[in-house]
Amino acid sequence: MFSAFRSALATPDLRRKILFTLGIIVVYRIGALLPSPGVSYPNVQKCLDLVDSGGIYGLLNLFSGGALLQLSVFALGIMPYITASIIIQLLTVVIPRFEQLKKEGQAGQGKLTQYTRYLTIALAVLQATGIVAMADRKQLFANCPDDIIPNSNVFTLSVVVITMTAGTALIMWFGELITERGIGNGMSLLMFVNIAARIPSEGMNILNQNGGLVFAIVCVFGLLIIASVVFVEQGQRRIPVQYAKRMIGRRMYGGTSTYLPLKVNQAGVIPVIFASSLLYLPDLISRLVGQDSSGWQRFIADHIVKQSSWVHISVYFALIIFFTYFYITITFNVNERADEMKKFGGFIPGIRPGRPTSEYLSFVLSRITLPGSIYLGIIAVLPNFFLDVTGDGQNQNFPFGGTAVLIMVGVGLDTVKQIESQLMQRNYEGFLK
């Protein structure tokens, strides 16, 4: 491991990429701690001490590295970009124009990226306006009497919204710079940094509230979760594919054997994000309507919002399974894969090309999606079982479970593999044995 690090830093080109990536991350974290103009930083800290970080903005606060509830320059984090990317990806199935651009290669992908940027800015404006409005009405922090924005005139509120939107655009640029000139996927690495930045504070809360024994148990259990997630994330079903020999001119092509990898967790963390967002809609509607101590709002507060409730856990688990099948069905088109294999002379041994191949791929994909969706659901709901152990309902962002571990493990493995490939090209021994 240490020899691989030494080899990576000894290579000038690779060292330059790593240092560039670290420099962007440092600048990004400074912006995440820098308060927006017009926001009272001392009052924000007082309100953070009075209330917990759960609720409707808990997931967004996780992805922003704690910057959201502090209303910093980078308060919105990369969630607008993630949401825009998911929307554009889903629209490629619905809108023929987008589907055509996807098939046009690099030029079409550039157009889709441009649409994603425009949609990111639009979503950032809407999200920043909603957060600033809730902060001005004292709904962002419940039971906090201090004014987050003391001078709440139209000009000051507009400046805060513009600052947050500009911060999102800057984050988007940072991510693209890392992807082009650094190591790994820029947006994924920034998300990784945000989640990692929350772990020390979450661990300190557990240590202060519950003592060293509970903290040690949580750490050991967290390591087991991370190891199991790494094991499952690496798991895949390899479908053998044989390419027939073809004569093109005077040369013979084909005749090779390869495989089509189908991961156990083919959908990644997207179903968890979908389920979390949909599950928080009732809480959002309840807040917008107003506080009420009876009726449906009490049911939402006691069973939907309360994360230790069995209703919340059951609905959350079911939504994750549903969105896993939904997302894989949309993003992995078995008919297109079968047509591509047939076009280039490929076939699965024992399966005829064309429709039988697509039916076989659909059968295998449906069987492998079931354990993958159950795995996602279990990892996502694990933090809910620790709410009573590690604090009274404040553990929305439990440091070793749910979305946090899924993203950190996925991004970490992808980044290590990229460094590994560059080391192997230079005849160095890499990280992975």
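Figures for the structure shown
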quantity: Distance between modelled label sites at Ala122 and Gln209, nm, 7 Å Cα→Cβ extension; calculated: 4.0 nm
quantity: Extension gain, Glu180 back to Ser228 (0.36 nm per residue minus Cα-Cα distance, nm); calculated: 14.1 nm
quantity: Per-residue Cβ neighbour rank within 10 angstrom, fewest leading, Ile95, Ile206; calculated: Ile95, Ile206
quantity: Links that overshoot a 30 Å alpha carbon limit, given the list Lys17/Lys342; Lys17/Lys343; Lys111/Lys343; calculated: Lys17/Lys342; Lys17/Lys343
quantity: Sorted by Cβ density within 10 Å, fewest first, the residues Thr258, Thr120; calculated: Thr258, Thr120
quantity: HN-Hα J in Hz across region 196-212 - Karplus 6.51, -1.76, 1.60, θ = phi - 60°, x for Gly and Pro; calculated: 5, 5, 8, 5, x, 5, 5, x, 5, 4, 5, 5, 6, 7, 10, x, x
quantity: Contact order normalised by residue count of region 124-163, Cα under 8 Å, 6+ apart, percent; calculated: 44 percent
quantity: Label zone at Ala10, where the point sits 7 Å out along the Cα-to-Cβ direction: region 407-424 residues whose backbone N lies under 13 Å; calculated: none
quantity: Percentage relative contact order, region 34-182, counting C-alpha pairs under 8 Å, at least six apart; calculated: 34 percent
quantity: Distance in nm between pseudo-label sites at Ile199 and Leu170 (7 Å out along the Cβ direction from Cα); calculated: 2.7 nm
quantity: Distant-in-sequence amide H partners of Ile239 (H built 1.01 Å from N, under 5 Å); calculated: Leu260, Leu262
quantity: Label-to-label distance, nm, for residues given as Phe299 and Ile87 (7 Å Cα→Cβ offset); calculated: 3.1 nm
quantity: Cβ-based exposure ranking for Thr165, Thr116, in which fewest neighbours within 10 Å come first; calculated: Thr116, Thr165
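Here, each number is a calculation from the coordinates, and none is a lab measurement. What you are looking at is a predicted structure, and each value in this text was computed from that prediction instead of being measured. Ideal geometry is used to build each Cβ from the backbone, glycine not excepted, and the neighbour counts take in all protein chains shown.
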